[in-house]
Amino acid sequence: MDVNSSELIEKIREYALVAEKKSRFEHSVRVAQTAEYMCGLYGVDETKGYVAGLAHDMCKDLPDAEQLALAQEDKEPISDAERNAPSLLHGRAAAVKLRKEFGVTDSEVLEAVARHTLGGTGMCALSKIVYAADKIEPGRPQSTDSYRKKLFGMNLNDMTLAVLEENIAYLLSKGKKPAPESYAFKESLSGEHAGEH
């Protein structure tokens, strides 16, 4: 189904409204709005940003076993971090559900939903936007207008890298170990940054 279809957006909204707890659904709407705005800033299709943002957490409240079963259908390996914390698979599970049950075939939207939790190497612009929008939507405690304005003044890679580094620091401050994928993502963004003039 075409991601620009208002029918698709309404179907995802209705599903998320029922599948997610109220606070998560409200977060998903803010991520959708933030991603849509950021897509406008960075020259990416705004509707894709809205759709991916709205759908990104649609499987997060499913039981772990169901998230794992869905995620395995994408045929990608399940990492140690994901196996130890199956909730990390909710993005991959949502991408599979979007493809199977909502008929979404857009590879950028599917990648953005699948990879919004840990990040990773070689991500498209939309994936970077949705990754960042999830962490900086206005409902997040640190996300003041001036905080977002500063980030939105940066190019896409620098902005994503700043958000990622903040996320890694936050996890470490809570005694949690960031996943290897997040460090690989940081490395790739730093490398891409070095290539920009």
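If I filter segment 48-74 down to residues being within 15 Å of the chain's Cα centre (by Cα) and open to solvent by 30 Å² or more (accessible area, probe 1.4 Å), which single residue comes out as nearest to SER127 (Cα to Cα)?
This residue is LYS48.
Six or more apart or on different chains, Cβ atoms under 8 Å: show the pairs whose first residue is in segment 120-146 and in contact (Cβ under 8 Å) with a residue 12 or more places away in the chain and part of a loop (DSSP other than H, G, I, E, B) and whose second is surrounded by fewer than 16 Cβ atoms within 10 Å (Cβ to Cβ) and of a type in the set (A, V, I, L, M, F, W, C).
Within 8 Å, the pairs are GLY120/ALA184; THR121/ALA184.
Out of the residues in segment 159-181 meeting the condition of being of a type in the set (Gly, Ala, Ser) and at pLDDT 95 or above, tell me which one is farthest from TYR147 (Cα to Cα).
Taking segment 159-181 as the starting set, the residues that turn out to be of a type in the set (Gly, Ala, Ser) are 162, 169, 173, 175, 179.
Those left that are additionally at pLDDT 95 or above: 162, 169, 173, 175.
Values: ALA162: 11, ALA169: 17, SER173: 20, GLY175: 25 Å.
Filtering first and then ranking leaves GLY175.
Check off (1) open to solvent by 20 Å² or more (accessible area, probe 1.4 Å); (2) farther than 23 Å from ALA162 by Cα for ARG115 and give me the number that stays unchecked.
(2)
I'd like the full set of residues that are among the β-branched types (Val, Ile, Thr) and open to solvent by 30 Å² or more (accessible area, probe 1.4 Å), limited to segment 118-148.
The initial filter retains those residues of segment 118-148 that are among the β-branched types (Val, Ile, Thr), namely 121, 129-130, 136, 144.
Result: THR121, THR144.
Can you tell me how many residues in segment 79-107 are out of contact with any Leu (no Cβ under 7 Å at 6 or more places or on another chain) and modelled with pLDDT of 95 or more? I'd like the intermediate steps shown before the answer.
First, pick out the residues of segment 79-107 that are out of contact with any Leu (no Cβ under 7 Å at 6 or more places or on another chain): 79-80, 83-85, 87, 90-92, 94, 100-101, 103, 105-107.
From what's left, modelled with pLDDT of 95 or more: 90-92, 94, 100-101, 103, 105-107.
Count: 10.
Checking the structure you have, find out if any residue of segment 89-110 is crowded, with 24+ Cβ neighbours inside 10 Å, in contact with an Asp or Glu (Cβ under 7 Å, 6 or more places away or on another chain) and charged (D, E, K, R).
Yes, the conditions are met somewhere in segment 89-110.
For every residue, the table says whether it meets (1) among the charged types (D, E, K, R); (2) assigned to a helix (DSSP H, G or I).
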site: LYS11; (1), (2): yes, yes
site: VAL31; (1), (2): no, yes
site: VAL44; (1), (2): no, no
site: ALA52; (1), (2): no, yes
site: ALA65; (1), (2): no, yes
site: LEU88; (1), (2): no, yes
site: VAL109; (1), (2): no, yes
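Across segment 1-36, what is the total count of residues that are hydroxyl-bearing (Ser, Thr, Tyr) and surrounded by fewer than 17 Cβ atoms within 10 Å (Cβ to Cβ)? Spell out how you get there, then give the answer.
From segment 1-36, those hydroxyl-bearing (Ser, Thr, Tyr) are 5-6, 15, 23, 28, 34; that's our starting set.
Adding the requirement that they be surrounded by fewer than 17 Cβ atoms within 10 Å (Cβ to Cβ) leaves 5-6, 23.
Count: 3.
The values are calculated or read from the model by the stated rules, or taken from the named source; none is laboratory data. Worth saying up front: this structure is predicted, and the values here are computed from it rather than measured. Positions of Cβ are backbone-derived with ideal geometry, glycine not excepted, and every protein chain shown enters the neighbour counts. What goes into the accessible areas is simple: the full protein's heavy atoms, side chains included, and nothing from ligands, DNA or RNA. Shrake-Rupley method; radii C 1.70, N 1.55, O 1.52, S 1.80 Å.
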